[in-house]
1. Are there any strands (runs of 3 or more DSSP E) wholly within segment 190-277 with 3 or more residues that are over 20 Å from L71 (Cα atoms) and of a type outside the set (D, E, K, R), and if so which?
2. Is there a residue being out of contact with any strand residue (DSSP E or B) (no Cβ under 6 Å at 6 or more places or on another chain), not basic (K, R) and not in a strand (DSSP E or B) anywhere in segment 66-78?
3. Please work out which residue is nearest to the chain's Cα centre (by Cα), limiting yourself to segment 215-234 and to residues that are under 15 Å from G193 (Cβ atoms) and of a type outside the set (F, W, Y).
4. Residue by residue through segment 186-216, note down the ones that are under 30 Å from S147 (Cβ atoms) and touching a Cys at 6+ places or on another chain (Cβ under 8 Å).
5. What number of residues within segment 110-160 are part of a loop (DSSP other than H, G, I, E, B) and of a type in the set (A, V, I, L, M)?
6. Going residue by residue through segment 203-216, is there one that turns out to be buried (at least 20 other Cβ atoms within 10 Å of the Cβ) and under 23 Å from L139 (Cβ atoms)?
7. Name the residue, out of S103, S63, S57, that is assigned to a strand (DSSP E or B) and buried (at least 19 other Cβ atoms within 10 Å of the Cβ).
Amino acid sequence: MTTRRFKAPLRAVLSVMGLACACVSHASQTEETVPEASRSLWGDKTTVAVGLGTVVSPRYMGSQQTHALLLPTLSLSRGIFFADSTRGIGAEYMNDSGFYVSSALAYDPGRKDHDSSWRAGSDRLRGMGDVTGATTADLLLSQAITSWLAVSGEAEFRVAGYHRGNRYRFGLESTLFSSSTDTVTLGVNAHMGDGRYNRTYFGVSEQQERRSSFERFDTKSGIYAYSTSLDWQHSFNSHWTLLMGANLMAFSDRARHSPIVESGTGAAGFAMLDYTF
């Protein structure tokens, strides 16, 4: 069994801000092979990594306003198990045929109806009410088709907290360049939500219409956006790693016609420096 660790891309970084669905990078995460001295699931070594990065993203899904955030990260892993400040607590596995699966319990901080320094939200949403936090169960599957192309799917199910529905993603990831120190990947994805999820983040209920400046808007389940992303990982040595990424998202009619969506497209980017002990 070959165990691999995956550096968190823009999708995971933005998830701690409640923006994972807004400006999602592809879920094919840049990989870092971990030497394996034991075949047990628990392994025989605990790996600890810390990082500090900067994220620039829209204030919420569909916002024209952007904000920047300094984001510290912490990751612990042993065998197939991990505890990660961006991905949550879970387990992952990858075999020699390129099949990858991970499952984790994570937290979605939701969205505020005013400006926030660390969560999605904007003063423009006054009267819409907060989308409070929710615990989620995240499942990610990926299968390599060739040495440079993989297909992947992701599901995020609400477990507890705010009833904000579930979201899904399906995409393709391509490795454009790979060497001993650098990896560049390109991803294209379709993002879907069930009816409750799409109404939570793009809809305007009758009650919200009375309290805010927005007109009533209802939407259904289905694809709410398409995205393309570009990630670069550079390893200086066995300890220091630089990660950079950019993402462009285009909203579908289910979201674009919502009165809270100011722009039909959104862009985000991040840069992060990691140290692995």
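The values are calculated or read from the model by the stated rules, or taken from the named source; none is laboratory data. As the structure is a prediction and not an experimental result, all values here were calculated from the model. Neighbour counts are summed over all protein chains in view; Cβ atoms, including those assigned to glycine, are modelled from backbone coordinates with ideal geometry.
1. 222-235, 240-251
2. Looking for residues that are out of contact with any strand residue (DSSP E or B) (no Cβ under 6 Å at 6 or more places or on another chain), not basic (K, R) and not in a strand (DSSP E or B), one finds none in segment 66-78, hence no.
3. It comes out as S227.
4. H191
5. 2
6. Scanning segment 203-216 turns up no residue that is buried (at least 20 other Cβ atoms within 10 Å of the Cβ) and under 23 Å from L139 (Cβ atoms).
7. S57
Listed here are the residues, each with its yes/no results for (1) out of contact with any strand residue (DSSP E or B) (no Cβ under 6 Å at 6 or more places or on another chain); (2) among the small types (G, A, S); (3) modelled with pLDDT under 95.
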| residue | (1), (2), (3) |
| --- | --- |
| A120 | no, yes, yes |
| L141 | no, no, no |
| T185 | no, no, no |
| D194 | yes, no, no |
